[in-house]
Amino acid sequence: MAKPQRMPVLLASHYRSGTPVQVAWEGGRITDVRSRTAAVPGAWIAPALLDIQVNGYAGFDFSRPEDVGRVAAALAAHGVARFCPTVITGTAAAMQGVLAAIHGALTADPALEAAVPGVHVEGPYISELDGPRGAHPRAQVRDPEWAHFEGLRRASGGRVRIVTLAPERPGALAFIARASAAGLLVCIGHSAADADAVHAAVAAGARLSTHLGNGLAATIDRHHNPLWPQLAAPGLSASFIADGHHLPADALTAMMAAKGPTRCVLVSDAVRQAGLPPGRYPGVGGGDVDVLASGRIQLAGTPYLAGSGAHLAHCVAHAARVGAACLSDALDMAALHPARLLGLPPPLLAPGAPADLLVYRSGAAGELEVLATVRGGDVIFGELPV
Ligand SMILES: [Zn+2]
C-alpha cells in the first residue's frame with residue numbers, strides 16, 4: 001500500500017456544481033468545504049470510487065493473501081479507494097479457501113482492511129442453465145442453504161456483505177429473507193427468474209440486480225423474461241458493466257433510463273487479466289484468454305467474453321461518453337449509490353463525510369485521468385495538485 005501522506009487542503013472544481021471549492025479534512029473526515037473564486041486549473045474533485053464487484057486486476061486475484069494488496073494498489077491508480085473482492089461459484093472448499101485468503105490479508109493489514117467494506121459472494125446459488133450461468137462451473141451450482149452459506153461466512157471472518165443468487169432456486173426466498181435480516185445486500189443475478197420469482201425476491205428483501213443484461217440467456221421471450229420485471233421493480237437497483245463490451249450502448253442507455261440515475265450502480269466486474277497488456281494469458285478455468293488492444297477479454301480464438309477488462313473509472317467515462325448518464329451522475333453510480341446500498345456513510349463532499357476523494361482531470365477520449373486517490377484522508381495514489 002502507498003505510504004500515507006497528510007495534505008489536508010485541496011482546491012479543485014466540484015464534480016457536480018462545476019464551481020471551485022476548497023476541501024479540507026482531518027482524521028479521515030472532511031472538516032470543511034467552501035466556495036473559492038479559483039481552483040487548480042483542470043482539476044476536479046469527486047468522491048473516490050467504490051467497486052462492489054471485482055474478481056481481480058493487473059494479473060492478480062484473491063486466491064493468495066499476498067495478492068489482495070496488489071489488486072488494491074492497482075485499483076487505487078484508477079481512482080478506486082474501496083472495493084468488494086468477489087468470489088464466484090466453486091466447491092465449498094475452493095470458495096472457503098479464497099475467502100480465508102482475503103480474510104487473512106485484511107486482518108494482517110489495517111490499511112488494506114479499510115479498502116474492503118465487504119466481500120461479494122456471487123454464486124453458487126445461481127441458475128444451472130447455459131446462458132444465465134455464464135462462466136460459472138455447472139457442477140458446483142446448487143440450491144441456497146443457510147448452513148452452506150454459514151461455512152462461507154465463517155471462512156471470510158464474517159466479511160461477506162453481498163450475495164448474488166437466482167431467486168427461482170428452491171429455498172431461495174427463505175434464504176433471501178434470512179440474509180437480508182442479517183444485514184446482507186442480496187442481489188438477483190445469473191438468473192432465469194420469471195416475473196413472479198423476481199417480485200417475490202424483492203418482497204423477501206433483494207435490493208439489487210447484479211450486472212443486469214448479462215448473465216442471461218442469449219435468446220429470450222419478448223415479454224416474459226427476467227429483464228422486464230427487474231427493470232420494472234421499484235425496489236430494485238441495478239448494477240451494470242459499462243465497459244463498452246458487455247452491453248451495447250443503446251441497451252445500457254435504455255436500462256439505465258428505466259431504473260433512473262439514483263438506482264443505478266456501475267461495477268467493473270474486472271477479472272485477473274484486466275489491465276494487462278494485449279496478449280494471451282492462462283484463464284481461470286484452464287483455457288487461455290486473449291486480452292485485446294481495446295481492453296476486451298475473450299476466450300482464446302473465440303468472440304466470447306471471458307470477463308471484463310475494465311476498471312471502474314473507464315466504466316464511468318464510457319457511460320458518460322455514450323450518453324447513458326451525465327458524468328456527475330455516473331460518478332455517483334460508482335460511489336454514492338453503492339455506498340448507500342451497503343449502508344456505508346455516504347461519500348458526499350460535505351463536512352463529516354469520509355475523506356474518500358477522487359481528484360482527476362479530463363483525459364483523452366473523455367477518460368478520467370486520475371491525479372490522486374484519497375482514502376480515509378490518506379493519499380493512496382498520486383499527488384494532490386497545488
Ligand atoms: Zn457474474
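The values are calculated or read from the model by the stated rules, or taken from the named source; none is laboratory data. None of these values were measured; they are calculated from a predicted model. Using ideal geometry, Cβ is built from the backbone for each residue, glycine included, and neighbour counts are taken over all protein chains shown.
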Checklist entry - Somewhere in region 247-260, is a residue within 16 Å of the ligand (Cβ to nearest atom) and part of a loop (DSSP other than H, G, I, E, B)? => result yes
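Give, as residue ranges, the helices (runs of 4 or more DSSP H) completely inside region 134-218 that count at least 2 residues that are farther than 21 Å from GLN96 by Cα.
The helices (runs of 4 or more DSSP H) meeting that bar are 172-181, 195-204.
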Checklist entry - Within region 3-15, can one find any residue that is surrounded by fewer than 24 Cβ atoms within 10 Å (Cβ to Cβ) and within 24 Å of the chain's Cα centre (by Cα)? => result yes
Item to check | Candidate set: region 76-102, residues that are among the hydroxyl-bearing types (Ser, Thr, Tyr) and over 15 Å from the mean Cα position of the chain (by Cα); chosen: the one surrounded by the fewest Cβ atoms within 10 Å (Cβ to Cβ) | outcome: THR91
Next on the checklist: Can you tell me how many residues within region 111-127 are out of contact with any His (no Cβ under 9 Å at 6 or more places or on another chain) and away from the ligand (no atom under 14 Å from the Cβ)?
Outcome noted: 8
Item to check | Evaluation of VAL121 against (1) under 24 Å from GLY343 (Cβ atoms); (2) modelled with pLDDT under 95 (one fails), failing number | outcome: (2)
Next on the checklist: Looking only at strands (runs of 3 or more DSSP E) that lie completely in region 1-88, which have at least 3 residues being hydrophobic (A, V, I, L, M, F, W, C) and within 30 Å of PRO137 (Cα to Cα)?
Outcome noted: 49-54, 80-88
Item to check | Given (1) in contact with a Lys or Arg (Cβ under 7 Å, 6 or more places away or on another chain); (2) farther than 30 Å from PHE381 by Cβ; (3) of a type in the set (A, V, I, L, M); (4) away from the ligand (no atom under 15 Å from the Cβ), number of the condition ALA139 does not satisfy | outcome: (1)
Next on the checklist: Suppose we filter ALA105, ALA73, ALA115 for residues that are modelled with pLDDT of 95 or more, aliphatic (A, V, I, L, M) and crowded, with 24+ Cβ neighbours inside 10 Å; which single one remains?
Outcome noted: ALA115
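Residues to consider are GLY205, GLY215; find the one that is more than 16 Å from the ligand (Cβ to nearest atom) and at positive phi.
GLY205
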